[in-house]
Amino acid sequence: MTNPKRAILLRGKEKSLSRKHPWIFSGALKSKDKDIEEGDLVRVFSSEGEFLCIGHWQNGSIAVKVLSFENERIDYGFVLERIRTAVELRQTIGMFTDKDTTIFRLVNGEGDFMPSLIADYYDGLVVVQFHSIGMYLLKEEIVQALKEILQDNCKAIYCKSSSTLPKQEGIIAKDEFMFGTLEEDWYALENGIRYKIDYALGQKTGFFIDQKDNRKLVCEMSKGKKVLNTFAYTGGFSLSAIKGGAKEVVSVDISSRAVAICESNAKENFPQSSIHRGETADVLKYLDDIEQGRYDLIILDPPAFAKHQRHRQQALKGYRAINRKAIEKIASGGLLFTFSCSQAVSSEDFNTMVFSCAALSGRKVRIIKRLEAGLDHPQSIFHPEGEYLKGLLLYVE
């Protein structure tokens with residue numbers, strides 16, 4: 001580990017760190033070493049000279065992502081301990097022993113005290129994403145730690161950060177296997193359903209793992225219903241509805257490639273069923289064109305409409321458009337699963353938006369359940385922003 005650089009906070013700005021919040025915003029800084037570069041380790045001190053934390057420097061509104069509130073070395077031993085703790089949590093909640101589910105999140109960024117690191121597990125394949133230069137520079141240590149801790153449970157490690165890493169001169173992230181190789185398509189199970197994992201070309205690490213428990217709930221609610229799954233991607237909610245005994249399932253996504261994988265997954269798991277159909281279409285236009293009452297269970301699970309606070313209002317406008325249309329069009333007595341995965345949109349923002357859509361529709365709407373990510377997506381109690389996925393299950397009369 002190179003000697004960390006130094007940064008000093010303005011007087012009074014250490015309060016959030018006393019509450020163990022893992023981010024330091026640029027506006028809280030009094031001074032910093034002139035030669036600090038993106039990804040450097042930096043020790044942060046109060047205006048009185050007291051050591052506060054050590055973390056990775058970023059050129060942005062979040063200037064430091066905290067790794068430790070102890071003045072310790074950030075080396076292989078540090079990485080090994082943090083990843084071991086993350087894996088032990090998944091062992092405690094039964095992730096490695098559930099034969100019906102071999103898909104789960106292994107490391108969840110700040111929720112596992114490894115900010116900007118995501119590692120997802122697909123029946124032996126670990127797909128790693130880095131969202132900061134600093135964490136990317138620990139790539140070799142992270143891969144070695146995963147191999148050492150997982151041992152026979154790890155068949156391959158694929159690093160996929162070409163689209164998630166901030167641009168930095170001299171650093172070009174390649175999507176590549178860092179351990180092992182896969183010569184054929186890769187499959188894994190969730191709730192007993194077999195999915196093709198599009199780890200190389202698909203969104204995120206190849207699958208939206210955070211919706212596991214909500215897909216199980218859709219399965220339980222789908223019997224005899226006509227189901228519309230919008231922003232369907234590779235069909236997680238769709239296949240859950242088929243398994244649950246739905247009468248009809250339609251999957252809509254603007255990506256023809258995603259729809260093709262969705263249809264392939266449906267045929268793979270339910271070869272004798274003819275109730276599923278994929279549609280390549282713009283979701284809002286599709287909702288606008290269908291007749292009222294056509295579907296009695298609708299899933300709205302759009303991608304993040306806002307990745308930054310500056311896009312928050314535009315995101316809420318997008319959420320408002322699809323939710324209002326779905327509430328208007330769903331059958332009487334219908335169930336609406338609606339979600340936001342935008343961290344910049346708070347639960348309060350989301351709930352208020354859905355309320356306004358319900359009020360404008362003129363229909364009676366009740367909340368049956370508040371929805372969130374699964375147990376494999378822990379959130380640090382000191383980092384409320386980690387609650388990025390929020391959702392509601394609504395009953396519409």
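What angle, in degrees between 0 and 90 and rounded to the nearest 10, separates the Cα long axis of helix 256-269 from the longest principal axis of the Cα atoms of the chain?
Tilt relative to the chain: about 70 degrees.
What angle, in degrees between 0 and 90 and rounded to the nearest 10, separates the Cα long axis of helix 76-92 from the longest principal axis of the Cα atoms of the chain?
30 degrees
Quick check on the chain: of the DSSP beta bridges with both residues there, what percent are antiparallel, nearest 5%?
65 percent
Enumerate the aspartates and glutamates that residue 329 could reach by cross-link, defined here as Cα to Cα under 13 Å, with residues fewer than 8 away along the same chain left out.
The qualifying aspartates and glutamates are 288, 289, 291, 296, 397.
Gaussian network model of the chain, Cα springs within a sub-10 Å range: biggest mean-square fluctuation belongs to which of 220, 328, 291?
In this elastic network of the chain, the residue with the biggest mean-square fluctuation among 220, 328, 291 is 291.
Taking the beta-carbon count within 10 Å as an exposure proxy, list 17, 336, 360 from fewest neighbours to most.
Going from least to most buried by this count: 360, 17, 336.
Under 1.5 on a/c is rounded, so check that first for the stretch 254-397, then, if it is not, pick prolate when a/b is larger than b/c and oblate when it is not; a ≥ b ≥ c are the square roots of the alpha carbon gyration tensor eigenvalues. Before the final figure, lay out each step's value.
Values: a/c = 1.64, a/b = 1.22, b/c = 1.34.
The shape class here is oblate.
How tilted is helix 139-150 with respect to the longest principal axis of the chain? Cα atoms for both, answer in degrees (0 to 90, nearest 10).
70 degrees
What length, rounded to one decimal in nm, is gained on full extension from residue 179 through to residue 35, with 0.36 nm per residue of separation minus their alpha-carbon distance?
Details: separation 144, 0.36 × 144 = 51.84 nm, distance 3.44 nm.
Length gained between residue 179 and residue 35: 48.4 nm.
For Cα pairs less than 8 Å apart in space and 6+ apart in sequence, what is the mean separation divided by the residue count of the chain, i.e. the relative contact order in percent?
Once normalised by length, the contact order is 11 percent.
Between the stretch 113-185 and the stretch 68-105, what is the C-alpha centre distance in whole Å?
The two parts, judged by their Cα centres, are 14 Å apart.
Report the antiparallel proportion of the DSSP beta bridges in the stretch 5-68 as a percent, rounded to a multiple of 5. Working shown, then result.
On the way: 15 of 19 bridges.
Percent antiparallel among DSSP bridges in the stretch 5-68 is about 80.
Let me know the charge dipole size of the stretch 5-68 about its Cα centre in debye, to the nearest 20, where only the beta-carbon of Lys, Arg (+1) and Asp, Glu (-1) is charged.
Working: 12 positive and 8 negative charges, 56 e Å.
The dipole magnitude comes to about 280 debye.
Would you list the P(r) distribution for the stretch 5-68, with all Cα-Cα distances sorted into 10 Å bins from 0 and each bin expressed as a whole %?
Spelled out bin by bin, the stretch 5-68 gives 25, 65, 10 percent.
Roughly how many debye, to the nearest 20, is the charge dipole of the stretch 56-140 about its Cα centre, given +1 on each Lys and Arg Cβ, -1 on each Asp and Glu Cβ, and no other charges?
140 debye
Can you give me the orientation-averaged projected area of the convex hull built on the Cα atoms of the stretch 259-337, in nm²? Write out the running numbers ahead of the final one.
On the way: hull surface 26.1 nm².
Mean shadow area of the hull around the Cα atoms is 6.5 nm².
Sorted from largest down, what three extents in whole angstroms do the Cα atoms of the chain have along their principal axes?
Largest to smallest, the principal-axis extents are 65, 49, 38 Å.
With a 10 Å cut-off between alpha carbons and a GNM built on the chain, which of 124, 318, 60 moves the most?
60
How large is the dipole of the chain about the Cα centre if only Lys and Arg carry +1 and Asp and Glu carry -1, each at its Cβ, rounded to the nearest 20 debye?
Details: 54 positive and 53 negative charges, 283 e Å.
The calculated dipole for the chain is roughly 1360 debye.
Taking 8 Å as the Cα distance limit and 6 or more residues as the minimum spacing, I'd like the relative contact order of the stretch 273-397 as a percentage.
Value for the stretch 273-397: 29 percent.
I want to verify a result. In a Gaussian network model of the chain, Cα cutoff 10 Å, which of these has the top mean-square fluctuation: 362, 293, 109?
362
So how much slack lies between residue 140 and residue 70, counting 0.36 nm per residue of separation and subtracting their Cα-Cα distance, in nm?
22.9 nm
Computed from the coordinates by the stated procedures, all read-outs in this text should not be read as laboratory data. Keep in mind the model is a prediction, meaning the values are calculated, not measured. All Cβ positions, even for glycine, are placed from backbone atoms using ideal geometry, and neighbour counts span all protein chains on display.
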